[in-house]
Amino acid sequence: MLKRKISLFLNISTSFAFIIVMSFFLSIGIEHFNTTRRLPILLTEVQSANMANILSLLYSRQGNWNNLASTVRDLTSTMPDNKEGHAFRVIVEDSTGKKLYNSFTELFDSRDTVLIEGKSENLTDYVTNLTIGRIVLYVDEKYLETKTTDYLLSALKEQFILTLGAILIALIPAAVLSNRLSRPLTRLSRASGEIRSGNNIQITETYKTAELAALTESFNQMSQTLKKQKELRQRLIGDLSHEINTPLNIIDLDARGIQNGLIDKDEGLESIRAEIDKLSGLIKDLDWLAETDAGEISLEIQTVDLPGIIKKETERWQFNADRLNIALIFQNELDGETIIQGDGIRIRQVISNLLENCLKYAPESEEIVIRLFRTKKQISISVTDQGPGIPAGEIDEIFERLYRLDDSRNRGTGGRGLGLSIARSIMEMHKGRLTVESPAGKGSTFILTFPMIDTGK
């Protein structure tokens, strides 16, 4: 865990440092661009304004340009780094653009010298307040490069010191942030270790950060799901053991009874065959569910007449209902023939499973109602009994494999606890739904919903 904390701290610190260093290089690049573009203006701005003022005063007093050359030479000789006239060059023009003074012609041969135009200023006759010309200063390129380098080195030094200080300061929030992030991650890691050891655990701490709160909630949900899956797995093993051992024990007792002459041979063999049929049915159902989970079951899609299927299944279960004095009532609320696309055999299996399940729990002398009706662009089938209903906390669990609401009663009816699970799987393969509504003590209603219905008359 210490290693992970150090790694998290280093990652955050490195990220902060990277951002700061990139900002450093970006600022240096911008500084270089601005310096190269504006330094000629900056270097000549003050000098040109000062010289323009002096030359304007000279003309205003004299009314002419006498002594212009000597005045300009005196001014340029006092400019910084320009004692020999190598750094700056000056041109003075009158209002018509005629050159009155050009320091280029007074200096050494400058064919190898590259000059960059700097700041220019207008010359004004203060008596008449008219523009009488302008002065332009030029900067030698080599001199400009030297000044640019000096300026950038100075700026680079300052920026480097600031960047180094920013990196050192950034270590503080990096340490705080990494500690704040690692603390809940450490708790999650420990809780994961507890779950890995087989102990169910919940994280009770709450976090203001949305991401950490969502992560904690997801972890707790995962923990609850794993706990539920563990309980279901244990119950599944126990139920399977019972479902297999019960018929095997009966077969063993009947076989011993026949062998010892304690029971009639024909009755014993009939009982053995019945238990073998139960085992065979259980194995077939489990095989079907396993193949469904593996995606190995495919539907034979064809045109299916729902009213016809419901009517046939109702007639098939009528004998069992009559034995319990239960009325099976089919209510077709749709006009004419109702056609959908699906696997007719599997849909019959779903309806059969629901009728069988309702007959187990419906009280005698009551009724089971099967309705066929439309909801928007879907067709639904509901099967309603008058049984004891399903506890609210177990409604979602009745579709689990081998789940029983009442072990003794359900086993007494001969059910295997797989019918509803198989029915839901078939509906999901049809891209439909199987849901249940069960108000406490008022029976249960199972609803099949088929999407993408194509009806005809």
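Every number here is computed from the coordinates shown, using simple stated rules; none is lab data. As the structure is a prediction and not an experimental result, all values here were calculated from the model. FYI the Cβ positions are ideal-geometry reconstructions off the backbone, even for glycines, and counts take in every protein chain you see.
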Subtracting the Cα-Cα distance from 0.36 nm times the residue separation, let me have the gained length for residue 157 to residue 315 in nm, one decimal.
47.3 nm
Can you give me the Rg/Rh ratio for region 125-279, using Cα atoms for both radii and the Kirkwood formula for Rh?
1.70
Taking the Cβ-Cβ separation of residue 228 and residue 11 as r and a Förster radius of 45 Å, what is the calculated FRET efficiency to the nearest 0.05?
0.80
Which entries of 227/377; 278/431; 98/119; 311/376; 312/360; 278/312 show an alpha-carbon separation above 28 angstrom in the structure shown?
227/377; 278/431
Rg (one decimal) and Dmax (whole number) from the Cα set of region 216-311, in Å, equal 21.2, 67
Starting from the amide H of residue 101, placed 1.01 Å from N in the peptide plane, find each other amide H under 5 Å away whose residue is 5 or more places distant or on another chain.
92
Using a basic spin-label model with each label point 7 Å from the Cα along Cα→Cβ, how many nm lie between residue 194 and residue 260?
5.4
What GluC sites (Glu not before Pro) does region 269-322 have in DSSP loop regions with at most 13 other beta carbons within 10 Å?
296, 300
Arrange the following residues from fewest to most other Cβ atoms within 10 Å of their Cβ: 335, 385.
335, 385
Region 302-450 - Debye-derived log10 I(q)/I(0), Cα point model, q = 0.15, 0.16, 0.22 Å⁻¹
-0.75, -0.86, -1.63
Residue 396-residue 253 FRET efficiency (beta carbon distance; Förster radius 25 Å; 0.05 resolution):
0.05
